[in-house]
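Inspection log for the structure reproduced underneath, given as structure tokens.
The values are calculated or read from the model by the stated rules, or taken from the named source; none is laboratory data. Bear in mind the structure is a predicted one, so any value in this text is a computation, not a measurement. Glycine also receives a Cβ, built like all others from the backbone with ideal geometry; neighbour counts cover every protein chain displayed.
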């Protein structure tokens, strides 16, 4: 396996706003890191994606993510908090890293997602440089954890 393949990270971006999703994808592009970013717009589609339910059943097209980037404020029955709760309550997905990627700076939101077991919290920024740096740091942390687990399992 090549070094690039080992370092490839697949993200599932759960973002209802098309403009915000495009900005995140562009920022990932500018990090120049080996990533795949798949996007769904609702909490319900996030759970379908994770479970491999239609229309996400083809894992060659919709691989299981290494991490979920989840917006807090989304319309519908499953906002980000409820989606996070559903992920943490599902034995098939409870260990999947989830980082909240949101415009919310509310202390209540931060406290609540930490109670639900979120792995990280990134505030969306109008400053592209800050977002790129946050995404680089996120990927670096994820790869360090992956390498730690790989060494631990030997």
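Quick look at the values:
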{"item": "Selection within segment 122-138 - surrounded by 14 or more Cβ atoms within 10 Å (Cβ to Cβ) and out of contact with any helix residue (DSSP H, G or I) (no Cβ under 6 Å at 6 or more places or on another chain)", "result": "123, 124, 130, 133, 134, 138"}
{"item": "Selected residue (only one of 100, 74 is within 15 Å of residue 16 (Cα to Cα) and under 14 Å from the mean Cα position of the chain (by Cα))", "result": "100"}
{"item": "Inter-residue pairs, beta-carbon under 9 Å, first at positive phi and in segment 59-86, second crowded, with 22+ Cβ neighbours inside 10 Å, 6+ apart", "result": "76/43"}
{"item": "Test: residue in segment 103-110 that is under 19 Å from residue 138 (Cβ atoms), in a helix (DSSP H, G or I) and either modelled with pLDDT of 95 or more or in contact with a strand residue (DSSP E or B) (Cβ under 7 Å, 6 or more places away or on another chain) (or both)", "result": "yes"}
{"item": "Filter pass, residue 73 being touching a helix residue (DSSP H, G or I) at 6+ places or on another chain (Cβ under 8 Å), in a helix (DSSP H, G or I) and modelled with pLDDT under 95", "result": "no"}
{"item": "Test: residue in segment 30-43 that is within 14 Å of residue 87 (Cα to Cα), surrounded by 12 or more Cβ atoms within 10 Å (Cβ to Cβ) and under 14 Å from the mean Cα position of the chain (by Cα)", "result": "yes"}
{"item": "Residue match in segment 38-57 (condition: at pLDDT below 95 and in a strand (DSSP E or B))", "result": "no"}
{"item": "So residue 84, is it closer than 21 Å to residue 64 by Cα and either exposed (fewer than 11 other Cβ atoms within 10 Å of the Cβ) or at pLDDT below 85 (or both)", "result": "no"}
